[in-house]
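To start, the structure under review is shown below, and the notes come after it.
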There are 2 protein chains.
Amino acid sequence: MEAYGSAFKGKKVLITGGLGFIGSTLARRLVDLRADVVLVDSLIPEYGGNLFNIAGIEDRVRVNIADVRDEYSMDYLVRGQDYLFNLAGQTSHLDSMREPYTDLEINCRAQLSILEACRKHNRNIKIVFASTRQIYGVPDYLPVDERHLLHPTDVNGVNKMAGEWYHIVYNNVYGIRACALRLTNTIGPRMRVRDARQTFLGWWIRQIIEGQEIQVFGDGTQLRDFNDVDDAVDAFLRAAAHEEANGKVFNLGSAEVISLKDLAALLVDLHGKGEFRIVPFPEDRKRIDIGHYYGDYTAIRQALGWAPRVPLREGLARTLAYYTKHAAHYWELSP
Amino acid sequence: MEAYGSAFKGKKVLITGGLGFIGSTLARRLVDLRADVVLVDSLIPEYGGNLFNIAGIEDRVRVNIADVRDEYSMDYLVRGQDYLFNLAGQTSHLDSMREPYTDLEINCRAQLSILEACRKHNRNIKIVFASTRQIYGVPDYLPVDERHLLHPTDVNGVNKMAGEWYHIVYNNVYGIRACALRLTNTIGPRMRVRDARQTFLGWWIRQIIEGQEIQVFGDGTQLRDFNDVDDAVDAFLRAAAHEEANGKVFNLGSAEVISLKDLAALLVDLHGKGEFRIVPFPEDRKRIDIGHYYGDYTAIRQALGWAPRVPLREGLARTLAYYTKHAAHYWELSP
């Protein structure tokens, strides 16, 4: 299957969360494919948006600072777009428990208003929504495929589940082509490393570069899978380019499954120095921990020809190198 | 298994949607069980609340007119309650597509704020949430059990799914005991019959009593299951009384499965007169139709000893008799 052919050449593309980790990496790929790219981001300091993420492509994209909760702005911005990569979201599980309404506004209401804007002004758009494996909760079996029940463990998971299904409903009821990718842990340059709010691995990377000891929660045997951001971006582009994806949800995932303690050891090995320690879960994290997780990505492989290509070791090395060089742009609150 | 013993005697019970069909029937049973019952209802004219639903028990319950979207009122009302039967909701599938934000506010945000109120002021409450089989969408197999994937077909289904899962998350994370019942079509006196917004069967009942022809959409072979409201109420009480229900979702259902055209014929037979005609689906209904549905209620039977007892024929006859007598209180907008 041809990956995307000329699907994006000269096409108008909107990316919500476009200054974030995956959004900005997607933008880089899309400008290379000669798309006309608009990035929407609110640059909420605690979230993932960072203007440095588009360093070098500033002149090839248009940045529109706006919050996806802002109905009127979104109502305007979706018009005339060929593709919407809908990546804006509140992604912190702990924050979703502390501020459930904020999570609801961003992950549910804003998604609904983006879809309503498309229904009213641009029914020809194709939407790819960034969902998350988090909505599966504690796996009933491994690897987790798309037939696995959704039983989210926190408010964020519930809201992301709803956000995903609004997209599927609008695809099925209104014919607004939409699909969702359930991302697993995604790594790479531009991932959020300031704290552990979004991903523990970003935090580990910062700690190891700063010479601090990494803390591995639990007993360290918890299994996880990781996708390099370039592989995740490839999945978004395939899902956008192919009609077979419409109305579907697909897991991403990796055949390379690793325990948290082996991951910490790998980081130390790649960095050439550093330490990690296995410590008990803090209470607030234990309550929303999901144990082992790794996903089955057979469905997207069969439907869209996607498979992860970047080995974990290579992706981690590239990420460490990026942050060793660009720490100053990521350690503090953006922008 | 003892049904509920003295679980409700002298206990404080709050029912949201308490002036509606199931809420008011639950209230009748609870006052007989000597509970101290507060009914919360906003009496939104198009919804199911109707003061006539508590005719005869007005002096044995306390009615508090309030909207579940009103955070401050709910924040107060949950305090000191032993049980919350959480039945308030927007239940119209078509309305949810026309006014998705209203559906979101009632079925998601209000649910979250009720749970937040309990977290802050009454962690000892036990909550039973009224969910719906609608969240399964078009069945992958029959009968539908709780292992069936949720793939809602409309915004209402997405929001009810989220509302249900907020309850489970608050049970699991905060230990606020909660469970959900996925109701199927519920019938009985006090069901909403003014129009087809909530349930087609209510509308049929009104039409047959008014001497109008019933329209059966599709080819009439679609299968459905029905629960008598007394059986549904029994399920709510068992779920409240038994700790085994905490954190669980249970289907209700019936072994008596019937096609829509046989149901129409049964109504005509019971009423002694009337007509029905099979007509094509209107476009807006066809898009959210779910085909055949009937549920597997093995899980609640095994966990709580629940099974439906009232035969469909008997329930329908009782319902027809009720509306033949009390039409004046139900034909027009309440209150």
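Derivation of every value follows stated rules applied to the coordinates shown; laboratory data play no part. In this text the structure is predicted, and so the values were computed from the model without any measurement. Note: ideal-geometry Cβ built from the backbone for every residue, glycine included; neighbour counts use all protein chains shown.
Here's the list of aspartates and glutamates a cross-link from A:LYS9 could span, going by alpha-carbon distance under 16 Å and ignoring same-chain residues fewer than 8 apart: A:ASP32, A:ASP36, A:ASP82, A:ASP234.
For B:GLY218, the label point sits 7 Å beyond Cα toward Cβ; its separations from the matching points on the remaining copies run 4.3 nm, from shortest to longest. Of B:LYS11/B:LYS248; B:LYS160/B:LYS325; B:LYS160/B:LYS248; A:LYS120/B:LYS286; A:LYS261/B:LYS120, which sit over 27 Å apart, Cα to Cα? As for pairs spanning more than 27 Å Cα to Cα, those are B:LYS160/B:LYS325; A:LYS261/B:LYS120. Report summary: the helix-based calculation at 222 nm, which adds -39500 (n - 2.57) for every DSSP H run with n ≥ 4 and divides by the residues of chain A, gives -11000 deg cm²/dmol. Ordering A:TYR72, B:PRO282, B:ALA88 by the projection of their Cα atoms onto the charge dipole of the protein assembly as shown, which places +1 on the Cβ of Lys and Arg and -1 on the Cβ of Asp and Glu, puts A:TYR72 at the extreme positive end. Taking every alpha-carbon pair under 8 Å whose residues sit at least 6 apart, chain B reaches a relative contact order of 19 percent.
Under the criterion of Cα pairs below 8 Å and six or more residues apart, the relative contact order for the stretch B:1-90 equals 38 percent. Among chain A residues, the beta-carbon with the smallest distance to the axis carrying A onto B is reported, with distance in whole Å, as A:ALA162, 2.
Between copies, the label points at A:THR298 (set 7 angstrom from Cα along Cα-to-Cβ) are spaced 2.4 nm, reported in nanometres from shortest to longest. Mean sequence separation of contacting Cα pairs (under 8 Å, at least six apart), scaled by the length of the stretch A:33-172, corresponds to a relative contact order of 24 percent. Between copies, the label points of B:ASP32, set 7 Å from Cα on the Cα→Cβ line, lie 7.2 nm apart, reported in increasing order to one decimal in nanometres. Please identify, among A:GLY49, A:GLY137, A:GLY157, the residue showing maximal mean-square fluctuation in a Gaussian network model of chain A using a 10 angstrom Cα cutoff. Checking each option, the largest mean-square fluctuation is seen for A:GLY137. Rounded to the nearest 20, the size of the Cβ-charge dipole of chain A about its Cα centre is 720 debye, with Lys and Arg at +1 and Asp and Glu at -1.
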